[in-house]
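Notes follow the structure.
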Amino acid sequence: MNLLIKNGHVINPDSGLDKVLDILIVDGRVEQIDVNLDESTVDKVIDATGMIVAPGFVDAHAHLREPGNERAETMESGCKSAMNGGFTTVTAMPNTNPCMDNAAIVALVREKAQRAGYAKVCPVGAVSKSRAGHELAAIGEMVQEGIVAISDDGNPVATSELLRKALEYSLLFGIPLMEHAEELTLTRGAVMNEDFMSTKLGLKGMPTVAEDIIVSRDIILNRYVKAWLHISHLSSAYSLDMVRRAKDRGEHVTTEVTPHHLFFNDTALETFDTNFIMKPPIRIEADRLAMIEGVKDGTIDCIATDHAPHPHEHKKCEIDICAFGIIGFETAIPAVLDSLYHQHNVPLKRIVECMSTNPAKIIGMKDDRLRVGKKADITIFSTDREIVIDPEKFKSRSRNTPFKCLKLKGSPEYAIRGTRVVKCDVGESQV
Amino acid sequence: MQYKHKNLLGIEPLDKVEIEQILDGAKIFKELCAGNNKKFPALRGKLILNLFMENSTRTRSSFEIAEKRLGADILNFSASASSLTKGESFYDTIKTLESMEPHIVVMRHSSPGSAKFLADNIDASVANAGDGPHEHPTQALLDAFTIREKLGTLTGLKIVIAGDIAHSRVTRSNIFLLTKMGNDVVLSGPATLIPREIEGMNVRVETDFDKAIEDADVVMMLRIQKERQKESFFPSLEEFNMLYGLSRERVKRLKKNGIVMHPGPINRGVEINSEVADGPRSVILEQVSNGISIRMAVLYLLAGGKINELTH
């Protein structure tokens, strides 16, 4: 099948492309990238006039819930949801049940994802057996099955000793250790960010220092071991500054921020809406603005959704017992474009780096996407189409999103991976 | 004049006029009930559901008396707070209750925001009888009523709230109410029990209790839960009493006519000493009886009653 993407503004930070071009895809491979390609002989034309065409978006942090919590998400629904949101590659975090701490589960996850045939799934293996923080998981065996990183996500790596060993062990494979930075004794029983808002609402707060303490510990150990530390879902301005200084010293530290930490601040909690409950919590406005600065100045390498599906009844309940986390695939592009591009003037090239080429590097993908002769791996999005987010259009099995009914400027349009072409649809267009 | 909200979820959404309207209503009910006939059956035929998902003998009894005096039909529904693993979910409990077609639901629940959750999911009016440490509006109203009655004003006063500010359901509603009415509210207690950034609620914090109560018109002592000591909020009850217990000597620091309040139940020898609790400045028991009048006014207004139609 021949597919022609016509008149799109192609932005590929890796190859340096940044202009309006046509792309011809034949049988799932990029055949030609040029101006004025002939559309008379192709089977299908995507008119991308006024749209951005980029290497497929990559989500470096997502929970696909299989095995163990298929009521919330499956490999198939998760991969469809990813592509409907404009992502062609996503990670699968290891806090499944049973835990992804061995090669068999990794193989199962990859096989199920391949069978689904939508987004590519890159599994992340556990650091420790059952993520319990005692013994190292079978990292080498999991690397052979294709894990791209290790993480005890949901928990921090339990002790300094274990972290040191995990970092040392990871040197052999050159993969990052992705840290969920939360000092658990400071967040026990807490539900939201600790500050004026938690005080006013009478909700127990998680202080930013709980994040800062683990980020600090990790940077110190990583500097000593000289491994690769990746801080997941950064949310504290002080932690951001520690990462900035570590990078300035030339240490191998990377980090990510979520679209919701870029979009919301803790005043949203006044609604007591459980869809604003996640870890780390959405912080005060000063932290949010610091994250946006971090994206601008390059301290933050990528934007990752922390897609965390939960069944309805785990959110439709009291706020202090609800499940942490929100779904993110299908709202990431509208949220990021609305906030970063339209409100904070972040250049599109920087956004494409943060959502495509940088996370691709972090999870070890080859720098060969959106090039002639290579498998098609493309995300097309509109910066100017305004949509009202409609979760009923989502392909995820879950609906736990705080973006419901928000009018956002910017939308995913198409996600293309090989011969799979998905027309994205996450909300009603506004005229 | 009619109450314009469907519910009473907290003090925060109310303005000064609405607060005064409730206090005035309570004053009339108090006078009406002063004689032998304490029945004022304005809510005859209305079903009021008392949903207590957390223990509360005092608030519950107070609401029940108010409901009985107003002639309402009453159903007491006890349920333990839900969990995701066992028992019925809170949402399902609400839907079950809705099928019983109550006019008003009075609820106590351990979770902040639970009163709003209830109100969002049920047709009935909701009176919040305490949603965790968030709000407890009828307590703040009865405190305000008592202050106004004893001191003749509810503005320009120095009011100290002391003790376990962090875990108190009473504090926030009182702060909202007393600052709205233009008082100088001072919080006192060890920093472990004072939540961060609370100054943003237009209050002052003075950790030195002796300084805090200097020239105060009102001091409100909060109950110390004994298990807090095990969580290292303070080293011992004795030490707490030494630093923050309201003793006879400390009471002398108050203004000449200053009053001592406590939402109860009191811990003698912890946050308040016996000679103060039983002393002439204490209005603790008046708070309890005023609570009934306040709750009568609140229920009457929630049922659509108008204060100016109440006759002596």
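The values are calculated or read from the model by the stated rules, or taken from the named source; none is laboratory data. The structure presented is a predicted model; accordingly, all values stated were derived computationally and were not measured. Note that each Cβ is placed from the backbone with ideal geometry, even for glycine, and that neighbours are counted across all protein chains shown. When the accessible area is computed, the model is the full protein with side chains, heavy atoms only, and any ligands, DNA or RNA have been set aside. Shrake-Rupley method; radii C 1.70, N 1.55, O 1.52, S 1.80 Å.
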Might you check whether a residue that is away from every other protein chain (no Cβ under 14 Å), assigned to a helix (DSSP H, G or I) and farther than 29 Å from A:R399 by Cα occurs anywhere in region A:196-213?
-> yes
Report, by residue number, each residue of region B:85-144 that is within 20 Å of B:M296 (Cβ to Cβ), out of contact with any helix residue (DSSP H, G or I) (no Cβ under 7 Å at 6 or more places or on another chain) and open to solvent by 10 Å² or more (accessible area, probe 1.4 Å).
-> B:P102, B:H103
Would you mention how many residues in region A:309-328 are under 21 Å from A:V426 (Cβ atoms), out of contact with any Leu (no Cβ under 9 Å at 6 or more places or on another chain) and more than 12 Å from chain B (Cβ to nearest Cβ)?
-> 4
Return the total of residues in region A:285-310 being in a loop (DSSP other than H, G, I, E, B) and surrounded by 19 or more Cβ atoms within 10 Å (Cβ to Cβ).
-> 9
Could you look through region A:168-180, keep only residues that are aliphatic (A, V, I, L, M) and touching a strand residue (DSSP E or B) at 6+ places or on another chain (Cβ under 6 Å), and pick out the one that is farthest from A:T254 (Cα to Cα)?
-> A:I175
Number of positions in region A:167-189 that are touching a helix residue (DSSP H, G or I) at 6+ places or on another chain (Cβ under 8 Å) and either within 12 Å of chain B (Cβ to nearest Cβ) or of a type in the set (G, A, S) (or both) = 2
Exactly one condition in (1) more than 14 Å from every other protein chain (Cβ to nearest Cβ); (2) closer than 30 Å to A:M206 by Cα; (3) not in a helix (DSSP H, G or I) is not met by B:T155; state its number.
-> (2)
Consider A:D218 carefully, then state whether it is touching a residue at least 40 places away in the same chain (Cβ under 8 Å), open to solvent by less than 30 Å² (accessible area, probe 1.4 Å), of a type in the set (D, E) and over 22 Å from A:H63 (Cα atoms).
-> yes
So which residues in region A:113-161 are assigned to a loop (DSSP other than H, G, I, E, B) and either open to solvent by 40 Å² or more (accessible area, probe 1.4 Å) or without any contact (Cβ under 8 Å) to a residue 12 or more places away in the chain (or both)?
-> A:Y118, A:A132, A:H134, A:E135, A:N155, A:A158, A:T159
Can you name the number of the only condition in (1) crowded, with 17+ Cβ neighbours inside 10 Å; (2) within 14 Å of chain A (Cβ to nearest Cβ); (3) among the charged types (D, E, K, R) that B:E67 fails?
-> (2)
Residue in region B:29-42 that is of a type in the set (G, A, S), open to solvent by 70 Å² or more (accessible area, probe 1.4 Å), out of contact with any Gly (no Cβ under 7 Å at 6 or more places or on another chain) and within 14 Å of another protein chain (Cβ to nearest Cβ) present | no
Run down A:A132, A:A137 and say which single residue is over 23 Å from A:K279 (Cα atoms), more than 23 Å from the chain's Cα centre (by Cα), modelled with pLDDT of 95 or more and among the small types (G, A, S).
-> A:A137
Which residues, taken from region A:74-102, are open to solvent by less than 10 Å² (accessible area, probe 1.4 Å) and part of a loop (DSSP other than H, G, I, E, B)?
-> A:G85, A:G86, A:M93, A:P94, A:M100
Residue hits (region B:107-152; closer than 20 Å to B:N257 by Cβ and facing chain A (nearest Cβ under 8 Å)) are none
Given (1) outside any helix (DSSP H, G or I); (2) within 14 Å of chain B (Cβ to nearest Cβ); (3) open to solvent by less than 10 Å² (accessible area, probe 1.4 Å), A:I282 misses just (2)
